[in-house]
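A short write-up of the structure that comes next.
The values are calculated or read from the model by the stated rules, or taken from the named source; none is laboratory data. For clarity, every value in this text was computed on a predicted model and none was experimentally measured. Backbone-built Cβ (ideal geometry, glycine too); neighbour counts: all protein chains shown.
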Amino acid sequence: MKHIVCVGPGRIGEAVMPWLQEKGYAVTRLSRQDYGDFCDGRFAPEAAVETVTACDAVLFFAGLFELHAEEARMFQANCGAIVQLAEAFHRRFPQAQMITFLDSRIQREVSAQPPAVQAYLKAKQALATWTLDHALMWGRETGMRMNAIAPGPVLPPPNKTHSEKAGDCLTVRPTPADIARAIAFLLETPSITGQILYVAAGQQLL
Ligand SMILES: NC(=O)c1ccc[n+]([C@@H]2O[C@H](COP(=O)([O-])OP(=O)(O)OC[C@H]3O[C@@H](n4cnc5c(N)ncnc54)[C@H](OP(=O)(O)O)[C@@H]3O)[C@@H](O)[C@H]2O)c1
């Protein structure tokens, strides 16, 4: 049985986890109560990863969407903390494959986007670059695989004060079930690494 660790599952991750279990994966949740808040001194990635006993793949769902957010805080919550957790996983489980979660708007010129979302998008772009760099670096070292999923508007932001217009799509909006199928595809296709898979109803083209 393959062991999947879901980091900061949140709403999409919580919807996807039962689906993965039905597919026969053993699923472990690692969340804020295990590693602490990304943005304060309680954050302890190494200690949290030490508690994990088996891991074939890690899904980094965790992320923070806030409008008009401070850049350093957005960077730490959407990139820095994910990188620290991924490094701790890679030290403990060098072969484990990884999937990071981005955003379908990462290809856009950030300065042309609404100022309210620029800090968030910059952080997701940094995570995209890090994901592809490490697919190459760690893939060469251990043969591990690293990919990313870039969701479009699956769900509105959880905090109503941080809501924004979902934006246009080319087809019906993506669902958590679409994300689950994309995860399974990446997990089960051994030759795929260094890819960003847009599950975005074509929003990345607009
Ligand atoms: N929902 C969408 O339509 C959409 C669109 C584009 C991209 N995405 C990306 O897809 C991923 C999953 O989205 P989602 O909507 O399921 O996310 P979500 O419900 O907002 O969940 C986010 C997760 O991140 C954790 N988190 C946030 N800030 C944290 C902090 N400061 N310290 C520690 N943990 C923190 C949350 O922990 P708590 O549960 O403890 O708060 C939660 O587990 C995210 O990376 C998101 O950016 C989603």
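A few comments on the model shown:
- Taking region 1-19 as the range and being surrounded by fewer than 16 Cβ atoms within 10 Å (Cβ to Cβ) and modelled with pLDDT of 95 or more as the test, the residues that pass are ARG11, GLU14, PRO18.
- Among residues of region 126-145 that are closer than 14 Å to GLY80 by Cα, those with a Cβ under 6 angstrom from a residue that is among the polar types (S, T, N, Q), sequence gap 6+ or separate chain, pair up as LEU127/THR100; THR131/THR100.
This table checks each residue for (1) of a type in the set (A, V, I, L, M, F, W, C); (2) at pLDDT 95 or above; (3) within 12 Å of the ligand (Cβ to nearest atom); (4) closer than 20 Å to LYS124 by Cβ.
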{"residue": "ALA148", "(1), (2), (3), (4)": "yes, yes, yes, yes"}
{"residue": "VAL154", "(1), (2), (3), (4)": "yes, no, yes, yes"}
{"residue": "SER163", "(1), (2), (3), (4)": "no, no, yes, yes"}
{"residue": "LEU170", "(1), (2), (3), (4)": "yes, no, no, no"}
{"residue": "ALA177", "(1), (2), (3), (4)": "yes, yes, no, no"}
{"residue": "ALA182", "(1), (2), (3), (4)": "yes, yes, yes, yes"}
{"residue": "PHE185", "(1), (2), (3), (4)": "yes, yes, no, no"}
{"residue": "GLN195", "(1), (2), (3), (4)": "no, yes, no, yes"}
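- Region 48-61 - residue that is crowded, with 23+ Cβ neighbours inside 10 Å and farther than 20 Å from LYS124 by Cα and, of those, nearest to the ligand (Cβ to nearest atom): VAL49
- Of all residues in region 113-122, at least one satisfies being closer than 17 Å to ILE196 by Cα, within 14 Å of the ligand (Cβ to nearest atom), under 16 Å from the mean Cα position of the chain (by Cα) and outside any loop (DSSP other than H, G, I, E, B).
- Any hit, region 20-32, residues being within 11 Å of the ligand (Cβ to nearest atom), touching a residue at least 60 places away in the same chain (Cβ under 8 Å) and buried (at least 20 other Cβ atoms within 10 Å of the Cβ): no
- When every residue of region 33-47 is checked against the conditions, at least one turns out to be touching a residue at least 40 places away in the same chain (Cβ under 8 Å) and away from the ligand (no atom under 11 Å from the Cβ).
- Taken over region 49-86, the residue count meeting the criterion of being in a helix (DSSP H, G or I) and free of Cβ contacts under 8 Å to residues at least 24 places away in the same chain is 1.
- Checklist (1) more than 16 Å from ALA57 (Cβ to Cβ); (2) more than 16 Å from the ligand (Cβ to nearest atom); (3) surrounded by 15 or more Cβ atoms within 10 Å (Cβ to Cβ) applied to ASP133, failing item: (3)
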